[in-house]
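Okay, structure first, notes after.
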Amino acid sequence: MISTSNLVVIGAGPGGYAAAFLAADLGIDVTLIDPEANPGGVCLYRGCIPSKALLHVAKVISEAKAAKNFGVEFVSPKIDLDKVRRWKQNVVSQLTGGLGQLVKQRKVKPIQGTATFVNSQTLKVKKTDGSEETLSFKNCILSTGSHPIALPNLPASAKILDSTSALDLKDVPQTLLVVGGGYIGLELGTVYAELGSKVSVVEMTSGLLPGADRDLADVLSKRLKIIFNAIMLNTKVVKMEETANGITVTFQDGEQKESKKEFNNVLVAIGRRPNSKGIGLENTKVEVDQRGFVKINAQRQTSDPAIYAIGDIAGEPMLAHKASHEGRVAVEAIAGHKVAFEPHAIPAVVFTDPEIAWCGLTETEAAQQNRTIKVVKFPWAASGRAITLDRTDGLTKLIIDPNTERILGVAIVGVGAGELIAEGVLAVEMGSLASDMKLTIHPHPTLTETLMEGAESYFGQATHIYRPKK
Ligand code: NAD
């Protein structure tokens, strides 16, 4: 069967479905192709959403434990793993089912299957029901996402997990080694540690979360040292062997010294690669760089004028909200609107405990660029709200241009940093000055005041810390 569609979106993750929905809202006839029956992609089925559901479970367990600090003691939790799994699954089904409804309401044409390019106007779709369809299009948006990088020379073993199998939560192993101290390793490591596993983390670089400023990562590391069994930095995994009880791992530290240890399970989370292979891009004019990312312009258009690319396949950062925004830009460009993808701030959030979030310019980037900045930090020990929460392990940091007083970046570590960063994103995106944030009345007592007082301290006038302007 040969059919035509004005716009075809390949991949229904947060980038793809946002694009398809906006296209439908703008009156464009749109087809959305994905192997799943409902939209969601990795984020909803095997990533952001199920991991956040499990992190919520972890948070409740950890808060219940910590309550003894203020005189409320609970007995140890009894964990019904089947029920936890069912609950997580319900969260996923509720969201993906809702998106399925929105597909119908908007009259987006869904095709369940996988697509490969035959040429710059044609796709072959292998449907999940076994049939094939040839689909021609005027424009196409490629949003096929990414997949986890595997460590080379790993034995084939069900005891070695990736983010997908770790989220299945088959059991809670007594010991778990997490390879990679990045987003996934630390988030899922936290889940397993709170459920009762002895978690060790091995990170190849000199610190956890290499992309984050060190002062933020240090606050997190301090707490992770309590909930994790071991954190090995500057250490590589050189070998893994399956044994009767688990996996024996050979480590090599910074001085090339080798050591061995056995773990019940190993989770490998060392980054992700774009899904740009095996989709027939060689049959189009689309160009791919050395790392597998599709080359695009500010409108997200590839070297093939009919084809656009968004999300993980189109470059870093590999974050769902960046994909959704790009999807909307690509659709508007296709609709003929004058648009470009040019954000000043893409927020990054690591949903550990405490959370780390940042947006705009980081201190590390400013140093790399030799850029003159003024950094102000508001420690949460001076926040009334943080004290009432018994969580003063936090820091709010503003990166300010001393010539213009413009806020260039915001970074926060502390409970709820992921929610708090949105104000920073708006401030950076709107070109706010430190005085705008200082003069904006923030609700008391809330953690948002740490942003306002951070701005006040730029002028040497923060109410709750004494730091006169030099
Ligand atoms: P990551 O890039 O965040 O972290 C990978 C870590 O593994 C790095 O610290 C790296 O130095 C380390 N590493 C690489 N090779 C290693 C090796 N051989 N031995 C030991 N350490 C090694 O990658 P991730 O955690 O796999 O996550 C992948 C992507 O998914 C992220 O880049 C992010 O974009 C996205 N993600 C985002 C969120 C979120 O937004 N909260 C959560 C999960 C994943």
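Inside segment 223-237, can you point out the residues that are within 16 Å of the ligand (Cβ to nearest atom) and more than 18 Å from residue 156 (Cβ to Cβ)?
224, 228, 230, 231, 232, 233, 234, 235, 236
Within segment 93-113, is even one residue of a type outside the set (A, V, I, L, M), assigned by TED's automatic domain parsing to the domain that holds residue 309, open to solvent by 20 Å² or more (accessible area, probe 1.4 Å) and touching a Gly at 6+ places or on another chain (Cβ under 7 Å)?
No, there is no match, as no residue in segment 93-113 is of a type outside the set (A, V, I, L, M), assigned by TED's automatic domain parsing to the domain that holds residue 309, open to solvent by 20 Å² or more (accessible area, probe 1.4 Å) and touching a Gly at 6+ places or on another chain (Cβ under 7 Å).
Give me the pairs: first residue in segment 408-421 and farther than 11 Å from residue 451 by Cβ and without any contact (Cβ under 8 Å) to a residue 60 or more places away in the chain, second residue surrounded by fewer than 24 Cβ atoms within 10 Å (Cβ to Cβ) and among the charged types (D, E, K, R), beta-carbon distance under 8 Å, and six or more apart or on different chains, which are they?
408/401
Select, from 113, 145, 130, 180, the only residue that is more than 16 Å from the ligand (Cβ to nearest atom) and closer than 29 Å to residue 291 by Cβ. Spell out how you get there, then give the answer.
Numbers: 145 fails: more than 16 Å from the ligand (Cβ to nearest atom); 130 fails: closer than 29 Å to residue 291 by Cβ; 180 fails: more than 16 Å from the ligand (Cβ to nearest atom).
113 is the lone residue from the list that is more than 16 Å from the ligand (Cβ to nearest atom) and closer than 29 Å to residue 291 by Cβ.
Which of (1) in contact (Cβ under 8 Å) with a residue 40 or more places away in the chain; (2) open to solvent by 80 Å² or more (accessible area, probe 1.4 Å); (3) polar (S, T, N, Q) is the odd one out, the single condition residue 62 does not satisfy?
The one condition residue 62 does not meet is (2).
Just to check your reading of the model, which residue among 292, 336, 278, 271 is at positive phi and in contact with a Ser or Thr (Cβ under 6 Å, 6 or more places away or on another chain)?
292
Return yes or no: is residue 373 out of contact with any Asp or Glu (no Cβ under 6 Å at 6 or more places or on another chain), in contact (Cβ under 8 Å) with a residue 40 or more places away in the chain, more than 25 Å from residue 62 (Cα to Cα) and not assigned by TED's automatic domain parsing to the domain that holds residue 212?
No: the conditions fail for residue 373.
Looking at residue 329, is it out of contact with any strand residue (DSSP E or B) (no Cβ under 7 Å at 6 or more places or on another chain) and surrounded by 15 or more Cβ atoms within 10 Å (Cβ to Cβ)?
In short, yes.
For (1) within 20 Å of residue 318 (Cβ to Cβ); (2) surrounded by 15 or more Cβ atoms within 10 Å (Cβ to Cβ), each residue gets a yes or a no:
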residue	(1), (2)
189	yes, yes
197	no, yes
206	no, no
223	no, yes
263	no, yes
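When both residues are 6+ apart or on different chains and their Cβ atoms are under 7 Å apart, which pairs have a first residue that lies in segment 35-54 and is farther than 23 Å from residue 124 by Cα, and a second that is among the basic types (Lys, Arg)?
Taking only residues 6 or more apart or on different chains, the pairs are 50/88; 53/88; 54/88.
So the check is Cβ under 9 Å with 6+ separation or different chains; which pairs have a first residue in segment 6-27 that's over 8 Å from residue 331 (Cβ atoms) and outside the structural domain of residue 109 (by TED's automatic domain parsing) and a second one that's at pLDDT 95 or above and of a type in the set (S, T, N, Q)?
Qualifying pairs under 9 Å: none.
Please count how many residues of segment 260-282 are in contact (Cβ under 8 Å) with a residue 60 or more places away in the chain, more than 24 Å from residue 331 (Cβ to Cβ) and in a helix (DSSP H, G or I).
0
Looking at residue 248 and the list (1) open to solvent by less than 30 Å² (accessible area, probe 1.4 Å); (2) within 14 Å of the ligand (Cβ to nearest atom); (3) among the polar types (S, T, N, Q), which single condition is not satisfied?
All conditions are met except number (2).
Being farther than 19 Å from residue 119 by Cβ, surrounded by fewer than 23 Cβ atoms within 10 Å (Cβ to Cβ) and aliphatic (A, V, I, L, M) is the filter here; which residues of segment 290-311 pass it?
Matches in segment 290-311: 298 only.
Only one of (1) within 22 Å of the chain's Cα centre (by Cα); (2) among the hydrophobic types (A, V, I, L, M, F, W, C); (3) not in a strand (DSSP E or B) fails for residue 386. Which number is that?
Status for residue 386: all satisfied but (1).
Tell me which residues, restricted to segment 183-217, are near the ligand (Cβ under 7 Å from one of its atoms), closer than 21 Å to residue 346 by Cα and assigned to a helix (DSSP H, G or I).
Matches in segment 183-217: 183, 184, 187.
The values are calculated or read from the model by the stated rules, or taken from the named source; none is laboratory data. Model, not experiment: these values are computed from the prediction. In this analysis, Cβ positions are derived from the backbone assuming ideal geometry, glycine residues included, and neighbour counts consider all displayed protein chains. The protein model used for the area step is the full one, side chains on, heavy atoms only, and it has no ligands, DNA or RNA in it. Shrake-Rupley method; radii C 1.70, N 1.55, O 1.52, S 1.80 Å.
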